[in-house]
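Colleague: Below: one structure in structure tokens.
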């Protein structure tokens, strides 16, 4: 879309401009918000009519006619006068359908549209994130299956440890996301509606509307919730739904960001080792000065957005603690920022993560070289045991291993030579009995434990059920905007 020249004169959110998808941006758009308000006013009128309030079919039809035709400019004009956004939209809506003006928002408080709409938006946003998580787990599962047997060094403290496989390491990344998916499913499954709770949660206005009939008041609450797609509403509320919910939801977003950040760090380290790399476009520029460079900028973008999400998750936690009694308004401006930004950033970073995971490059020759640089030290206990079985003297062989290990390590560190420990040992008479078996005994695949089978079990026990449960949502592509 061509931009007006004035566009460049004011700040634009990079979350919208550069990182998040249009789909997620639309969920948090003004159109979605205010159209949802109108859906709520229609659901309220319909439900009140069903319970005996004298509201005509013509009035409801009029409300429906203008449900999606929000007169934003008129609402903004009224808000400048009233300093109240809900009243501004009630009046603007009423001007479009004057025959229904008298029954719009009947018995409701501002939180009826504000909070209930936010819950609809949170639900829809979480469903977008869930779909991306599912696709990402599936893509990583395919990658893990492809490289289930490719032996690699594992690291503790970023020091070479035992051997694993590239596929097994990928399962670690995918499992973090599977745990995040479990958390997200819980939040979606337990998300409730505010419903029709009245000004401070006592439903006083509805008690008056229905002449003290508590059954009708409770039915009203249930009817509206079902009309907006919620199985139930919160058992009790103040003026707002429990702000704890916002904190719980953004905690899930933070967890996803933590998982993505960890992956991005790992891949950046592997990038430096030249074992694996993120995709790199044929015309992509790595550096303005160093033209040869292939910087891991996509993983760095994941890390940057993840930090924002993790820090942002503190916002709703502080809002929860700062709500006095039934409600204070110091949550409003903060929530306008923290809720959309949390989701927009996670949407953006998952898009990049999916793009990277779908195109990671693996360099088996480099990986094997690094394995063989460390393997001689790792297999010495096995060689000692096999040598003794073949009739060797354990103490003599132990001393030979100790001596040559020290010398081989010194040559590697001080002279930059390759690790020649196995060659040294093969030349020792004490190891003559197993010399012909050294290649077999030092096959890297013998030293990665159950890693390949753990990949199989993870795919069948974790990834498989996710793919089956969400089969209709698989097959996403993820393009990176920048």
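Colleague: Where the centre of each part is set by its Cα atoms, how far does segment 107-121 sit from segment 22-97, in angstrom?
Modeller: About 11 Å separates the Cα centre of segment 107-121 from the one of segment 22-97.
Colleague: Additional query: Could you work out how far helix 244-273 tilts from the main Cα principal axis of the chain, as a 0 to 90 degree angle to the nearest 10?
Modeller: The helix 244-273 is inclined about 30 degrees to the chain.
Colleague: If you don't mind, another one. State the extension gain, in nm to one decimal, for the chain segment bounded by residue 295 and residue 185, taking 0.36 nm per residue of separation less the distance between their alpha-carbons.
Modeller: 36.0 nm
Colleague: For segment 417-482, what class follows from the C-alpha gyration tensor (a ≥ b ≥ c being the square roots of its eigenvalues): rounded when a/c is under 1.5, otherwise prolate if a/b is larger than b/c, else oblate?
Modeller: oblate
Colleague: Same structure again: Can you give the angle from 0 to 90° between the axis of helix 166-190 and the longest principal axis of the chain, with both taken from C-alpha atoms, to the nearest 10?
Modeller: Tilt relative to the chain: about 20 degrees.
Colleague: If each residue's Cβ is checked for other Cβ atoms within 10 Å, how do 66, 210, 193 rank with the fewest at the top?
Modeller: Listed from fewest to most nearby Cβ atoms, that is 66, 210, 193.
Colleague: Something else: Treating the angle as unsigned and between 0 and 90°, give the value, to the nearest 10°, between the Cα long axis of helix 110-146 and the longest Cα principal axis of the chain.
Modeller: 20
Colleague: Sort 28, 325 so that the residue with the fewest other Cβ atoms within 10 Å of its own Cβ comes first and the one with the most comes last.
Modeller: Taking fewest neighbouring Cβ atoms as first place, the list is 325, 28.
Colleague: Report relative contact order for segment 380-441 in percent, whole number only (criteria: Cα-Cα under 8 Å, sequence separation at least 6).
Modeller: 38
Colleague: How high is the relative contact order of the chain? Use alpha-carbon pairs under 8 Å, at least six apart in sequence, and give a whole percent.
Modeller: So the answer I get is 19 percent.
Colleague: Counting other beta carbons within 10 Å of each Cβ, put 264, 154 in order, fewest first.
Modeller: Starting with the residue having the fewest Cβ neighbours, the order is 154, 264.
Colleague: From zero outward in steps of 10 Å, how is the percent of C-alpha pairs of segment 360-399 spread across the bins?
Modeller: Whole-percent P(r) values from 0 Å outward: 27, 33, 22, 14, 4.
Colleague: Ranked from highest to lowest mean number of other Cβ atoms within 10 Å per residue, what is the order of the peptides 444-452, 5-13? The partial results should precede the final answer.
Modeller: Values: 444-452: 16.6, 5-13: 8.2.
Per-residue Cβ counts within 10 Å, averaged per peptide and sorted highest first, yield 444-452, 5-13.
Colleague: Let me ask something additional. Using a basic spin-label model with each label point 7 Å from the Cα along Cα→Cβ, how many nm lie between residue 394 and residue 83?
Modeller: A separation of 8.7 nm, rounded to one decimal place.
Colleague: Any chance you could check the Cα centroid distance between segment 147-213 and segment 214-265 for me, in angstrom?
Modeller: Value for the Cα centre distance between the two parts: 13 Å.
Colleague: Another question, then. Rounded, prolate or oblate: which fits segment 1-59 when a ≥ b ≥ c are the square roots of the eigenvalues of the alpha-carbon gyration tensor, with rounded for a/c under 1.5 and prolate only if a/b beats b/c?
Modeller: It is prolate, given that a/c is not under 1.5 and a/b is the larger ratio.
Colleague: May I pose another question? Cα centroid distance between segment 409-482 and segment 359-380, in Å?
Modeller: Centre-to-centre distance over Cα atoms comes out at 7 Å.
Colleague: State the dimensionless ratio Rg/Rh of segment 30-103 (Rg: radius of gyration of Cα atoms; Rh: Kirkwood radius).
Modeller: Numbers: Rg = 12.1 Å, Rh = 12.4 Å.
Radius of gyration relative to Kirkwood radius: 0.98.
Here, each number is a calculation from the coordinates, and none is a lab measurement. Computed from a prediction, not measured in an experiment: that's the story for all the values here. Cβ atoms come from the backbone with ideal geometry, glycine included; neighbour counts cover every protein chain shown.
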